[in-house]
Amino acid sequence: MATTYIVDKDNNQIDASTATVPSDRHFRGAWVLDGTVISEDMDAAKAIFQNKVRESRKPLLEEKDVELMKALESGASTTDIATAKDALRDAPAASAISSASTIAELKAAWDTSVLGDSPY
């Protein structure tokens, strides 16, 4: 029978049957091997989280661009649209992300009021 290996972010590998693996695989790209225990590197997890924020905000920004063009064409106020776009642009730099010290805190940093439903 073939052996299954787990590879961490630094290309260290371990036999999966001997490893203590985190139950949450959202941040698998941040896994670090220490003996037989796999944990998450918080700096790498934060980078993964920020990339997920950027991925999720892209269609939202595109929607706001359409709203902005329609408002400009009709002469309507663009203040609320500009505020929403600023919030989307600022989302990856939220202080809740940089201050998170655990994966649970990082997941809780997803701002549903700006980005919608959390993927976590």
Only one of K46, K85 is open to solvent by less than 60 Å² (accessible area, probe 1.4 Å) and more than 30 Å from V7 (Cβ to Cβ), namely K85
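Test D24 against the criterion of being without any contact (Cβ under 8 Å) to a residue 40 or more places away in the chain and of a type outside the set (A, V, I, L, M, F, W, C), and give yes or no.
Details: without any contact (Cβ under 8 Å) to a residue 40 or more places away in the chain: no; of a type outside the set (A, V, I, L, M, F, W, C): yes.
No: the conditions fail for D24.
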Quick check on the range 100-113. Is at least one of its residues open to solvent by 50 Å² or more (accessible area, probe 1.4 Å), under 15 Å from I48 (Cβ atoms) and not in a helix (DSSP H, G or I)?
yes
A96, sole failed condition from (1) open to solvent by less than 70 Å² (accessible area, probe 1.4 Å); (2) of a type in the set (G, A, S); (3) closer than 25 Å to D8 by Cβ; (4) assigned to a helix (DSSP H, G or I)
(3)
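Quick grid of which residues meet (1) in contact with a Leu (Cβ under 8 Å, 6 or more places away or on another chain); (2) of a type in the set (G, A, S); (3) without any contact (Cβ under 8 Å) to a residue 12 or more places away in the chain:
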position: M42; (1), (2), (3): yes, no, no
position: F49; (1), (2), (3): yes, no, no
position: V53; (1), (2), (3): yes, no, no
position: K85; (1), (2), (3): yes, no, no
position: L88; (1), (2), (3): yes, no, no
position: I103; (1), (2), (3): no, no, no
position: T112; (1), (2), (3): no, no, yes
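The values are calculated or read from the model by the stated rules, or taken from the named source; none is laboratory data. What you see is a predicted model, and the numbers here were worked out from it, not measured in a lab. When we count neighbours, we look across all protein chains shown, and the Cβ atoms used for this are built from the backbone with ideal geometry, even at glycine. With ligands, DNA and RNA removed, areas are computed over all heavy atoms of the protein, side chains included. Shrake-Rupley method; radii C 1.70, N 1.55, O 1.52, S 1.80 Å.
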